[in-house]
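Presented below is the structure to which this report refers.
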Amino acid sequence: MNSTLAILAILDGISYAALVFLVSVGLSLIFGVLRVVNVAHGSLYAFGAYLAATFSLAIAPISPWLTYPALLAASIVIGVACGGFIERFLLRPLSGQEDVLQLLITFAAFMIMDNLQRLIWGVQPIFAAEPLRLLPNVAVFGVSYTSYQVILLPGVALATLLGLRYFLRRTLSGAVILAVTEDREASTAIGIDAKRVYFVTFVIGASLAALGGALASPTTSLVPGMGADMIVLSFAVAATAGLGQIEGTALTALMIGLTRAFVIYLQPEFEVLVPYLLMVLVLLMRPFGLFGAVQVRKI
Amino acid sequence: MSGRIKPVTTIAIIFFLVSAVAPLLVSSWATLFALILAKGIVVLGIILLLQAGQVSFGHAMFFATGAYTAAFWGKYVGGGDIVLFIALGGITSAVFGLIVGLFVVRYREIFFGMLNLAFSMVLWSLLEKMFHYTNGADGIRVPRPALLGLSFTPETFQYVILYVSLLIAVVAFYGVQRYLDSPLGHMLRAIKSNETRLEYLGTSARRVLLIGYVISAFLGGIGGTLVAIIQQIATPEFGFWTKSGEFVFIAILGGSAHAFGAFAGAAMFECVRFYAAAHLVDTWQLILGVVLIVIILYAPNGLIGLRQRYGQAKQGGH
């Protein structure tokens with residue numbers, strides 16, 4: 001492997017990690033607060049991607065620069081509409097019930113959304129590369145790469161990471177979310193509306209998944225099954241990092257993204273194996289993830 | 001307790017009789033019922049683990065192990081017999097279950113589910129990517145095997161495999177019920193209700209769960225072998241996480257409180273799929289999703305629970 005390929009692999013890894021981070025951090029946030037593994041998370045990613053492609057294909061003839069706000073708009077629409085619906089009408093009635101039921105109802109949402117996606121957008125691959133083509137290529141150590149993937153995507157991911165940190169650690173709303181996560185009953189007793197906190201958190205998490213999809217849409221062709229692949233991948237990242245760990249998710253996404261990129265150049269057939277193998281190895285040694293707090297076993 | 005289980009057992013007997021007789025009247029039902037029974041056997045394993053309060057979101061790995069055992073035998077050895085396939089499928093998946101089980105039984109709840117998922121995804125990616133051995137995403141065709149040296153025409157074979165599945169399903173159903181009523185089965189339930197007390201009694205909760213886990217993997221493997229023989233193919237999709245989700249779905253649909261829930265759920269699931277896929281090609285998955293939501297929101301104890309609730313309401317009335 002020469003240095004050009006190595007740089008190419010690093011850039012691939014970084015841009016991929018940025019997308020995976022956006023989706024995984026949403027999943028992790030939802031689990032951290034609601035204690036629910038959202039199986040429909042991958043579908044929110046796919047819906048975000050498809051709606052973003054629809055929006056940008058529609059708006060590109062007017063002005064290609066409007067495709068960027070279109071990507072953002074698509075992710076917010078999906079996050080609020082689909083995410084809000086799932087939390088309000090599927091998860092909320094089940095609060096306090098067995099975990100398996102909460103997990104399974106998001107699985108039902110996944111099945112429905114997977115089917116709807118095929119009904120609305122069909123099974124033919126969709127391309128909407130306008131936002132990718134608008135930005136010029138940049139040369140990194142002599143390797144030419146699209147600035148969309150190597151600057152914009154990592155930039156958005158970094159902004160999300162810092163934004164989430166600031167939101168959760170420095171603002172009143174963030175403090176309220178942490179309070180509900182820590183002790184729901186006590187925070188309800190001092191007048192915090194826990195239901196609203198759950199709703200807002202879920203919508204934020206869902207919007208992040210949709211944003212990941214929307215930003216991924218210019219870089220790849222949209223096909224059925226992309227949601228089912230993404231949910232396990234983002235789950236692998238979130239679980240390897242430790243569910244609920246935001247900074248850890250970023251580091252793990254980077255680690256998995258880079259490893260995967262190098263494996264693609266060296267041993268392409270093992271590409272899909274990488275994240276799951278890492279997940280098994282990490283969970284066997286540290287079941288709470290690389291960055292998760294170790295809890296003492298009850299017995 | 002036993003008084004309440006009895007009516008369910010009666011329904012189970014009726015169900016098994018119907019699946020023996022009905023396909024004789026409508027021949028397209030032979031494959032449908034064989035699939036219901038085979039899936040039911042897998043879901044018995046899920047229900048077993050649900051007794052301990054643990055959800056495996058990776059049980060498709062044992063299903064795929066069973067299916068690929070038959071497929072590999074057909075590809076590399078050739079020929080084959082139903083009895084041999086099932087014996088091999090059961091053994092390999094039980095051994096695989098023991099190996100995976102040694103790791104996963106140390107964890108509970110979300111961590112248990114997560115680790116199962118991780119293992120199953122590793123298996124899935126190997127099946128998908130080891131193209132030279134597994135034919136990748138196309139899967140491996142499973143040629144129609146003989147039964148105890150006798151070979152059959154396709155028309156007779158669908159009945160042969162139906163009655164083989166029925167026999168195994170009845171034995172598995174009876175066995176699981178006996179197991180759950182045994183001291184070992186009660187200890188398995190104790191993991192859900194109070195694991196600490198179980199340990200205070202001097203029992204190793206991990207060992208109790210490991211035994212349950214291996215049995216459950218064994219059932220998953222046998223079910224997988226049967227489905228591979230019925231559908232004459234084994235594909236990596238057999239081990240994908242959506243398949244695991246489907247099994248948990250069927251368990252909740254039927255009701256996890258009783259072993260018969262596995263077959264009640266599988267019957268409803270496969271019937272909806274069979275008829276919806278024939279008439280509403282584009283929306284059968286959507287329909288199943290809606291059915292699942294309705295069941296979870298309005299009948300969280302599954303079809304079995306519905307019957308019990310109705311029975312109790314009648315008793316409680318006058």
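The HN-Hα couplings worked out from phi for segment A:66-75 by the Karplus form 6.51 cos²θ - 1.76 cosθ + 1.60 (θ = phi - 60°) are 6, 5, 5, x, 5, 4, 5, 4, 4, 5 Hz, whole numbers, x standing for Gly and Pro. The calculated 222 nm mean residue ellipticity attributable to helices in the protein assembly as shown amounts to -24500 deg cm²/dmol, summing -39500 (n - 2.57) over DSSP H runs of n ≥ 4 and dividing by all residues. Pairs from the table (B:Lys39/B:Lys75; A:Lys195/B:Lys39; A:Lys195/B:Lys243) lying more than 28 angstrom apart at Cα are A:Lys195/B:Lys39; A:Lys195/B:Lys243. The long axis of helix A:226-241 is offset from the longest Cα principal axis of chain A by roughly 60 degrees.
Within segment B:289-306, what residues put their amide N at less than 17 Å from the label point 7 Å along the Cα-to-Cβ vector of A:Phe85? So the set is B:289-294. Against chain A, whose longest principal axis is taken from its Cα atoms, helix A:41-59 shows a tilt of about 50°.
With the simple spin-label model, which puts each label point 7 Å out from Cα in the Cβ direction, the B:Leu98 to B:Leu24 separation comes to 4.1 nm. Each Cα pair under 8 Å and six or more residues apart adds its sequence gap; the mean of these over the residue count of chain A is a relative contact order of 37 percent.
In order along segment A:116-126, the phi-based Karplus estimate (6.51 cos²θ - 1.76 cosθ + 1.60, θ = phi - 60°) of 3J(HN,Hα) comes to 4, 4, 5, 5, 7, 9, x, 9, 6, x, 10 Hz; Gly and Pro are listed as x. Its alpha carbons give segment A:190-299 an Rg and a Dmax of 16.6, 57 Å. The tail of the calculated P(r) for segment A:3-285, taken as Cα-Cα distances beyond 37 Å, holds 12 percent of the pairs.
Based on C-alpha pairs under 8 angstrom that are at least 6 apart in sequence, segment B:1-121 has a relative contact order of 27 percent. Amide H contacts for B:Ile233 (H built 1.01 Å from N in the peptide plane; partners 5 or more residues away or on another chain; cut-off under 5 Å): B:Val142. Both radii come from the Cα set of chain B: Rg as radius of gyration, Rh as Kirkwood radius; their ratio Rg/Rh reads 0.97. Here the label points at B:Asn194 and B:Ser182, each 7 Å from Cα along the C-beta direction, are separated by 2.5 nm in the simple model.
Proximity of backbone amide H atoms, modeled 1.01 Å from N, is registered between A:Val140 and A:Tyr145 at under 5 Å, excluding neighbours fewer than 5 places apart on the same chain. Each residue of segment B:26-38 was assigned a 3J(HN,Hα) from its phi angle through the Karplus expression (A = 6.51, B = -1.76, C = 1.60, θ = phi - 60°), giving 10, 5, 5, 6, 4, 5, 4, 5, 4, 5, 4, 5, 5 Hz with x at Gly and Pro. Packing, taken as the mean count of other beta carbons within 10 Å per residue, orders the peptides A:170-178, A:205-213 from highest to lowest as A:205-213, A:170-178.
Rule-based calculations on the coordinates, nothing more; no lab input. Computed from a predicted model, the values in this text were never measured in an experiment. Don't worry about glycine lacking a Cβ; one is built from the backbone with ideal geometry, like all the others, and counts go over all protein chains shown.
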